[in-house]
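S.K.: Right, I'll just put the structure down here and ask away after.
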Amino acid sequence: MIEARNITKSFGKLKVLKGIDLNIGKGEIVSVVGPSGAGKTTLIQIIGTLDTPDDGQVIINGVDVTKMSDMELSKFRNLHLGFVFQFHQLLPEFTARENVMLPMLIGGHGKKEASKRAEELLTFLGLTDRSEHKPSEMSGGEKQRVAIARALSNSPSVIFADEPSGNLDSHNAAELQSLFRSLRDYFGQTFVIVTHDEHMAERCDRRIRMCDGLIVN
């Protein structure tokens with residue numbers, strides 16, 4: 001599903017990624033771990049098309065995304081990739097249903113179709129009674145599940161999660177990991193998870209350890 005070949009990235013004189021080679025299979029749940037400053041977030045941003053490498057290739061499902069224009073990347077990202085962040089990044093003025101609808105509306109789906117899909121996802125994630133609530137009216141765990149529903153809205157091939165349990169208590173973090181496995185089994189997505197949570201990392205299919213801009217294990 002994902003191939004990264006000799007990925008390098010520098011910010012000024014600081015070399016953050018020093019030649020990353022990585023393969024992730026379809027349907028895998030992979031964690032990326034390592035100390036702060038190892039380059040984990042930079043790597044996930046590059047393979048998730050949110051940033052570009054200085055050198056190297058990123059191929060997602062057979063498509064070399066490093067050769068795409070900004071407009072082509074935006075369309076590809078909207079249709080094929082989903083993102084879950086530590087602090088949810090939900091739009092506060094919109095309800096849960098409206099937040100989930102947004103990627104579909106941006107992708108050209110009609111409002112009625114997007115609303116139906118959003119309700120289905122929220123129901124699947126146990127949030128039927130939170131559909132018309134705004135983020136300020138929901139718990140941390142509920143907001144994270146809304147963010148997951150939003151990430152799933154366009155049926156992406158890959159879900160990227162950057163510290164998804166970092167703002168959750170231990171109970172909700174354990175539930176989140178179980179949810180990722182259930183989603184993989186039900187929808188077939190590939191998950192790439194950057195985390196400092198060793199319990200979450202251990203329960204993934206594979207753990208990739210980074211240090212000083214390189215994969216060390």
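S.K.: How large is ³J(HN,Hα) for each residue in segment 122-137, as worked out from phi by the Karplus curve 6.51 cos²θ - 1.76 cosθ + 1.60 (θ = phi - 60°), to whole Hz, x for Gly and Pro?
M.R.: 5, 5, 4, 8, x, 10, 3, 7, 10, 3, 9, 8, 8, x, 5, 9
S.K.: Quick one: which residues, 5 or more positions from residue 32 or on another chain, have an amide H under 5 Å from its amide H? H modelled 1.01 Å from N in the peptide plane, none for Pro or chain starts.
M.R.: Amide H neighbours of residue 32, under 5 Å, 5+ apart: 193, 194, 195, 208.
S.K.: A further question on this structure: How much area per residue is accessible in segment 50-99 when the probe is 1.4 Å and only protein heavy atoms are counted (Å²)?
M.R.: With all protein chains present, segment 50-99 gives 57 Å² per residue.
S.K.: Once the Cα atoms of helix 140-152 and of the chain are each reduced to a long axis, what angle between those two axes, in degrees from 0 to 90 to the nearest 10, is obtained?
M.R.: 80
S.K.: Helix-derived [θ] at 222 nm for the chain: sum -39500 (n - 2.57) over DSSP H runs of at least 4, divide by residue count, nearest 500?
M.R.: -11500 deg cm²/dmol
S.K.: A follow-up question, please. Accessible area, 1.4 Å probe, largest first: how do 109, 199, 171 sort?
M.R.: Listed by decreasing accessible area, they come as 199, 171, 109.
S.K.: Follow-up question, since we're still on this one. Can you compute the charge dipole magnitude of segment 122-217 about its Cα centre, using +1 on each Lys and Arg Cβ and -1 on each Asp and Glu Cβ, nothing else charged? Give it in debye, rounded to the nearest 20.
M.R.: 280
S.K.: Taking θ = phi - 60°, what integer Hz values does the Karplus form 6.51 cos²θ - 1.76 cosθ + 1.60 yield along segment 207-217, in sequence order, with x for Gly and Pro?
M.R.: With coefficients 6.51, -1.76 and 1.60, one gets 10, 10, 9, 10, 7, 6, x, 10, 7, 10, 6 Hz.
S.K.: State the Cα centre-to-centre distance between segment 94-126 and segment 1-75 in whole Å.
M.R.: 28
S.K.: Under Stokes-Einstein, with the Kirkwood radius over Cα pairs standing in for Rh, what whole-number D in µm²/s applies to segment 72-124 at 20 °C and 1.002 mPa s?
M.R.: The diffusion coefficient I find is 180 µm²/s.
S.K.: Binned at 5 Å from 0, what are the whole-percent values of the Cα-Cα distance distribution for segment 85-217, short to long?
M.R.: Final binned percentages: 2, 10, 20, 22, 20, 12, 7, 4, 2, 0.
S.K.: Which semi-axis lengths, in whole Å and largest first, follow from the square roots of five times the eigenvalues of the Cα gyration tensor of segment 175-217?
M.R.: So the three semi-axes of segment 175-217 are 22, 12, 7 Å.
S.K.: Moving to a separate point now. How much area per residue is accessible in segment 144-217 when the probe is 1.4 Å and only protein heavy atoms are counted (Å²)?
M.R.: For segment 144-217, the per-residue accessible area is 42 Å².
S.K.: A further question follows. Of 135, 96, 78, which is farthest on the positive side of the dipole of segment 67-176, counting Cα position, with +1 on Lys and Arg Cβ, -1 on Asp and Glu Cβ, and the Cα centre as origin?
M.R.: Positive-end residue among those listed: 78.
S.K.: For segment 118-191, treating each Cα as an identical point scatterer without solvent, what Debye log10 I(q)/I(0) comes out at q = 0.19, 0.25 1/Å?
M.R.: -0.78, -1.34
S.K.: Based on the alpha carbon coordinates of segment 1-140, what radius of gyration and maximum Cα-Cα distance (Dmax) apply, in Å?
M.R.: 17.7, 51
S.K.: Sticking with this one: Tell me the carbon and sulfur percent of the accessible area for the chain, rounded to whole percent, probe radius 1.4 Å.
M.R.: Looking at the chain in its full context, I get 50 percent from C and S.
S.K.: Just 71, 104, 138 to compare: in a GNM of the chain, with alpha carbon springs under 10 Å, which one fluctuates most?
M.R.: 71
The values are calculated or read from the model by the stated rules, or taken from the named source; none is laboratory data. What you see is a predicted model, and the numbers here were worked out from it, not measured in a lab. Because the Cβ atoms are built from the backbone with ideal geometry, glycine has one as well, and the counts that use them run over all protein chains shown. The area values use the complete protein model at the heavy-atom level, side chains included, leaving out ligands, DNA and RNA. Shrake-Rupley method; radii C 1.70, N 1.55, O 1.52, S 1.80 Å.
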